[in-house]
Amino acid sequence: MTPFASQTTIEIIYLIATALFILSLKWMSSPRTARHGVWAGEIGMVLAIAGTLLHHGIVDYRWVAIALVLGSIIGVPLGMVHMTAVPQRTALSHAFGALCVTLVGTAEFYLRTPTVPKFMMSVLSMEVILGSLTFTGSLMAAGKLQELLPQRPFTYKGQNIVNLSFLAVAIGLAVYLVFHPEQKILFPALVGIPLIFGVLMIIPIGGADMPTVISLLNSYAGLSAAAMGFVLDSKLLIIAGALDGSSGLILSVIMSKAMNRSFTNVLFGAFGQVQSSSGAATEEKTVRSATAEEAASILAAANKVVIVPGYGMAVAQAQHKVRELYDALTKRGVDVKFAIHPVAGRMPGHMNVLLAEADVPYDRLVDMEDINAELPQTDVALVIGANDVTNPAARTDAGSPIYGMPILDVDKARTVMVIKRGMSPGFAGIDNPLYYMDKTLMLFGDAKAFVGSIVRELSGGTHS
Amino acid sequence: MGEEIINSLFVFMLAGFIGFEVIRRVSPLLHTPLMSLTNALDAIAVVGAIVLAGEHKTTLSTVLGTLAIVAAMSNVVGGFLITDRMLRMFKTSRPQKP
């Protein structure tokens, strides 16, 4: 009865694909083997799609073929975006993944109603709820990252209650449908309410919380795919979804630990609000500023320099100039390293990718724990576009909203230099005592232009 | 609950543990490519969409299935492409360039 391949053959192909997927993630453990990981994933994916096309139930290939080609065509530009646009691209792809799952879930419901077994209806509801809230939530996140929407958190009184009641209604509806799956008139609401919840969920989230939120949305996308695996009784999908779900979850845990906050605090806390109450009274404090020439001579005289990049470097597109600075200093025998805070940037690992793109060798990019041990022996810590992750108040000031957050201890270096546009507080609106320390020199200006002038000073006439 | 469901739950649980163990070992250096890779792998949901669109049971299911294939396939191609582009950029300083 099977024209192309038996069900067993297809299942074996899926088994091989599953093994390749696990290997693919395993090889991501090190930059040396990571590209093998991509190949393993690609082979697994091609096998799985080819195997599925042999499925005996498929009677009409026209739409499948058109859709596969169209999707691939759309995928190419999404794979070629500029590295600075990777966070919003990632959010967008979470949205696409969730859209696929939601559409399939919806179709499956209408194919199965009015008789849907209870367990089936439960996982189907979970698939559709997670899928649709991830769809709109990710679109919102992508919009904020692309700055189509304001990045500042938007909050109002009773916001959490409103949001949670949307979610509660959706869950209540799901429970009702589990017992009354013939009530198909209610199904559009099961999709629609989480769609609204997804939007509301992201409205209070500020740009600085994006690394956690993107990871969390990643996790939801994975879990909804796993739920779809239960609906379709596909072990391959269950496993791929579980892998993606746990990956997103681990990243969210790492991100929220790096901000010393819980998930609930990120989702319901709206960072912006907390600040406004504290640090209202700021007395006049003086800062020392320096020119590019002075900065260059201090850097040239140093033995060990640690550069601390932040989101500001990405905004100013300064990563290539920073690489030139790295080259110029390395050529003079200065030991240059980069300190990477887990939440620097707008998604996990954002800074690493930007610096790798600018050809900074990855063994120069050092994690927070390791670099903190080295900072007390560092001559110059150069902060470029980072703020809160260097704020010593997180260690010392119990009243600070970021108290307890693990930071890069740049204040322990012998000299600190901070490139900054002006004295306005950072994204979270918290004053940074680092700037008023005696050993700190403020370098006021655009990150790209300022680093460029330091490089010119270093390579130009004034050889010491 | 049937045996099938129990089997699937076991598979889900084991895959979750494997995921935790494997991903815990991923270097923080590669967290961004990790996310785009898991995104591409997650787009394996395309197999469900292919069956849905190809079985051609109702017009609704075919239309939704076709759209779902487009959405998932763009993640497959885009996800693998950008992951590989990112990973190609990670170079070490040890084998010194001239």
- Three-way shape call for the range A:1-80 based on the alpha-carbon gyration tensor, with the a/c threshold at 1.5: oblate
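Under the Kirkwood approximation applied to all pairs of distinct alpha-carbon atoms, what is the hydrodynamic radius of the range A:86-273 in Å?
16.6
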- Message: Given N residues in the range A:1-157, what is its alpha carbon radius of gyration divided by 2.2 N^0.38 Å?
- Response: 1.28
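Under unit Cβ charges (Lys, Arg +1; Asp, Glu -1), what dipole magnitude, rounded to 20 debye, does chain A have relative to its Cα centre? Don't skip to the answer; put the middle values down first.
On the way: 32 positive and 33 negative charges, 55 e Å.
The calculated dipole for chain A is roughly 260 debye.
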- Item | Percent antiparallel among DSSP beta bridges (both partners in chain A, rounded to 5) | 0
- Task: Rank these for me by crowding, A:Leu200, A:Leu177, going from fewest to most other beta carbons within 10 Å.
- Result: A:Leu200, A:Leu177
- Message: Contact order normalised by length for chain A, with contacts defined as Cα pairs under 8 Å and 6 or more residues apart; what percent is it?
- Response: 13
- Taking all pairs of distinct Cα atoms, average 1/r, flip it, and tell me the Kirkwood hydrodynamic radius of the protein assembly as shown in Å to one decimal place. 24.7
- Note on the structure: Once amide hydrogens are built 1.01 Å from N within the peptide plane, the residues lying 5 or more places from A:Leu382 or on another chain with amide H under 5 Å from its amide H are A:Val306, A:Ile307, A:Val308, A:Met417
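Taking loop as defined by DSSP and a crowding limit of 15 other beta carbons within 10 Å, which trypsin sites (Lys or Arg not before Pro) in the range A:378-415 fit? Walk me through the numbers before you get to the answer.
Details: sites: A:Arg395, A:Lys412, A:Arg414; in loops: A:Arg414.
For trypsin sites (Lys or Arg not before Pro) across the range A:378-415 that sit outside H, G, I, E and B with at most 15 neighbouring Cβ atoms in 10 Å, the list reads A:Arg414.
What is the order of B:Ile5, A:Ile430, fewest Cβ neighbours within 10 Å to most?
Fewest-to-most Cβ neighbours within 10 Å comes out as B:Ile5, A:Ile430.
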- Message: I want to verify the translational diffusion coefficient of chain B in µm²/s; compute it with Stokes-Einstein, Rh as the Kirkwood radius over Cα pairs, at 20 °C and 1.002 mPa s.
- Response: 130
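Would you mind ranking B:Leu14, A:Leu149, A:Leu365, A:Leu195 by Cβ crowding within 10 Å, fewest neighbours first? It would help to have the intermediate numbers written out before the result.
On the way: B:Leu14 13, A:Leu149 16, A:Leu365 23, A:Leu195 19.
Final ranking by Cβ density, sparse to dense: B:Leu14, A:Leu149, A:Leu195, A:Leu365.
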- Note on the structure: The alpha-carbon center of the range A:132-162 and that of the range B:26-98 are separated, in whole Å, by 24
- In degrees, nearest 10, the alpha-carbon axis of helix A:159-179 is tilted away from the dominant principal axis of the alpha carbons of chain A by 20
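Less than 12 Å Cβ to Cβ from A:Leu190, Lys/Arg counted +1 and Asp/Glu -1: what total charge do the surrounding residues give?
Values: positive: A:Lys184; negative: A:Glu127.
Net charge around A:Leu190: 0.
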- Furthest towards positive pole of dipole, A:Ala290, A:Ala221, A:Leu251, structure part chain A, Cβ charges: A:Ala221
- In Å and whole numbers, how far do the C-alpha atoms of the range A:292-459 stretch along each principal axis, longest first? 45, 33, 29
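Computed from the coordinates by the stated procedures, all read-outs in this text should not be read as laboratory data. Predicted, not measured: the structure shown is a model, and the values here were computed from it. Quick reminder, even Gly has a Cβ in these numbers, built from the backbone with ideal geometry, and neighbours come from all protein chains shown.
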